[in-house]
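Okay, so here's the structure we're looking at.
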Ligand code: OTD
Ligand code: ZN
Ligand code: ZN
């Protein structure tokens, strides 16, 4: 009989992929990240993207101002790459720790990616510079050609874009963000984890595309890259359960107002910050792999980013936790979290 674990203490985790947004939404969502995580890597795809040091410093101070003392965390900033990004801007930003990494959004691949990159050849000088200074490149890895089936876009991206990119820049540190397929898992596993690693979200671990259409269309399971099939979901679960250091925690928590999620054209993104860590624990338990929870949540990420591992710890207990149903934003708006109103098996000890 496997031993039943009812309590587990791990080094406090970091979330290496977080969308905090701005203004009212920022103020409402920020403390959910602070409750569970010690550091968070903040994505730069605001309505007006964070494309230079000046904007990043300003955005970071807004984040710090919105923070609740009880739920403090360290925001680490990223730079949104456009065809106009100057290598010098990244050099200065990276050396002064204004930027920890830069983000490659293929043009029109996800929320606010209109000024993303149409063709990698536009940013060759930027990539050369990043390789030279050791600045990580974070990638939303999907081909954007509308002729490619949406379920194949990640696999095609690896073949058509990532593999040639890695051949050209073998010492460039890369994170393939929010991987969703079996092919991605296999591809990542073959690499040197110092140069290529991947984040995995709770929603891609807990769901597959059938769930997105279960009983009707489920806008709250719509995200990009879209959920893939059951075989892919199993491959992601096995990847984290194997304890492999290529994989680490990046929740991709991405809040949208309810009215925008259920609009005629609904926005992509899942706001999972209120439960992300508890979801991961549940999946590790289901996979009988709690012994690797700490490496995935708290060690593999800092190792990749050459940062110290956190000193604090967090204790998780096996007791039911009900996810909040909604968050009010202003007078008439709400945000509905991932698994709203549902019960999870784990909670954090206060
Ligand atoms: N995916 N939504 C968003 C970002 C992510 O690709 C992503 O990282 C968002 O709304 O910012 C989403 O579905
Ligand atoms: Zn993305
Ligand atoms: Zn994201």
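The values are calculated or read from the model by the stated rules, or taken from the named source; none is laboratory data. Being a predicted model, the structure only gives us computed values, none of them experimental. Every residue, glycine as well, gets a Cβ built from its backbone with ideal geometry; the counts of neighbours run over all protein chains shown.
Among the residues of segment 23-50, those that are surrounded by fewer than 19 Cβ atoms within 10 Å (Cβ to Cβ) and either on the phi > 0 side of the Ramachandran plot or touching a strand residue (DSSP E or B) at 6+ places or on another chain (Cβ under 8 Å) (or both) comprise 23, 24, 35. Those strands (runs of 3 or more DSSP E) of segment 1-108 in which 2 or more residues are within 14 Å of ligand 1 (Cβ to nearest atom) and modelled with pLDDT of 95 or more occupy 15-18, 39-42, 74-80, 101-104. For residue 101, the conditions (1) under 19 Å from residue 250 (Cα atoms); (2) more than 16 Å from ligand 2 (Cβ to nearest atom); (3) in contact with a helix residue (DSSP H, G or I) (Cβ under 9 Å, 6 or more places away or on another chain) all hold with the exception of (2). Taking segment 37-62 as the range and being more than 14 Å from residue 254 (Cβ to Cβ), touching a helix residue (DSSP H, G or I) at 6+ places or on another chain (Cβ under 7 Å) and within 16 Å of ligand 3 (Cβ to nearest atom) as the test, only 50 passes. Restricting segment 220-235 to residues that are in a loop (DSSP other than H, G, I, E, B) and touching a residue at least 60 places away in the same chain (Cβ under 8 Å) leaves a set whose member that is surrounded by the fewest Cβ atoms within 10 Å (Cβ to Cβ) is 229. Inside segment 114-129, residues that are within 16 Å of ligand 1 (Cβ to nearest atom) and surrounded by 20 or more Cβ atoms within 10 Å (Cβ to Cβ) make up a count of 2. Residue check: residue 238 meets all listed conditions (1) in a helix (DSSP H, G or I); (2) crowded, with 23+ Cβ neighbours inside 10 Å; (3) in contact (Cβ under 8 Å) with a residue 40 or more places away in the chain; (4) out of contact with any strand residue (DSSP E or B) (no Cβ under 6 Å at 6 or more places or on another chain) but one, namely (2). For residues that are over 22 Å from residue 197 (Cα atoms) and in contact (Cβ under 8 Å) with a residue 40 or more places away in the chain, scanning just segment 112-147, find the one that is farthest from ligand 2 (Cβ to nearest atom). So the residue we want is 115.
Looking across segment 251-268, the residues that are near ligand 3 (Cβ under 10 Å from one of its atoms) and buried (at least 21 other Cβ atoms within 10 Å of the Cβ) come down to 251, 252, 253, 254. May I ask you to list the residues in segment 51-98 that are at positive phi and in contact with a strand residue (DSSP E or B) (Cβ under 7 Å, 6 or more places away or on another chain)? Within segment 51-98, no residue meets the criteria. Does at least one position in segment 11-21 carry a residue that is under 20 Å from residue 257 (Cα atoms), within 16 Å of ligand 3 (Cβ to nearest atom) and out of contact with any strand residue (DSSP E or B) (no Cβ under 9 Å at 6 or more places or on another chain)? Among the residues of segment 11-21, at least one is under 20 Å from residue 257 (Cα atoms), within 16 Å of ligand 3 (Cβ to nearest atom) and out of contact with any strand residue (DSSP E or B) (no Cβ under 9 Å at 6 or more places or on another chain), which makes the answer yes.
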